[in-house]
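Okay, so here's the structure we're looking at.
The values are calculated or read from the model by the stated rules, or taken from the named source; none is laboratory data. Everything numeric in this text was worked out from a predicted model, so none of it was measured. Here the Cβ positions follow ideal geometry from the backbone for every residue, glycine too, while neighbour counts run over all protein chains shown.
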Amino acid sequence: MKTVWAAMLIGSSLLLIWVLVRNKMSLGWLKGFALHLVAAAGVLYVLNYSGLIADMYIPLNPVTVGTVVVLGVPGIALLAGLQLTVM
């Protein structure tokens, strides 16, 4: 059963990549998303290791980077507020 699920995942991933590469508009969107992803990870990295927010460490994981990619700078404020509230 695991082989069937793995084959479906690989097949659907290849079809998605084919559709994204075929459409020029989708390729531009993919480049923009990749740029935002790298910028978000960079901003989180700089904030964690520069000490701008004292006694605060926001881990670099898919959830935090995804939040910052989607929300931008307010996403960083959201994560910092959540960190202060929960911890």
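Suppose we filter Tyr49, Tyr57 for residues that are at pLDDT 80 or above and either surrounded by 10 or more Cβ atoms within 10 Å (Cβ to Cβ) or of a type in the set (A, V, I, L, M, F, W, C) (or both); which single one remains? Can you show your working first?
Details: Tyr49 fails: either surrounded by 10 or more Cβ atoms within 10 Å (Cβ to Cβ) or of a type in the set (A, V, I, L, M, F, W, C) (or both).
Answer to the selection: Tyr57.
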In the stretch 8-54, what residues are among the β-branched types (Val, Ile, Thr) and either free of Cβ contacts under 8 Å to residues at least 24 places away in the same chain or in a loop (DSSP other than H, G, I, E, B) (or both)?
Ile10, Ile17, Val19, Val21, Val38, Val46, Ile53
Which condition number in (1) under 13 Å from the mean Cα position of the chain (by Cα); (2) surrounded by 12 or more Cβ atoms within 10 Å (Cβ to Cβ) is the one that Val63 fails?
(2)
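Taking the conditions exactly as written (assigned to a loop (DSSP other than H, G, I, E, B) and in contact with a helix residue (DSSP H, G or I) (Cβ under 7 Å, 6 or more places away or on another chain)), does Leu60 satisfy them or not? Steps first, answer last, please.
Details: assigned to a loop (DSSP other than H, G, I, E, B): yes; in contact with a helix residue (DSSP H, G or I) (Cβ under 7 Å, 6 or more places away or on another chain): yes.
So Leu60 passes the test.
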Identify the residue in the stretch 18-46 that is surrounded by 13 or more Cβ atoms within 10 Å (Cβ to Cβ) and more than 19 Å from Gly72 (Cβ to Cβ) and, among all such residues, is modelled with the highest pLDDT.
Leu20
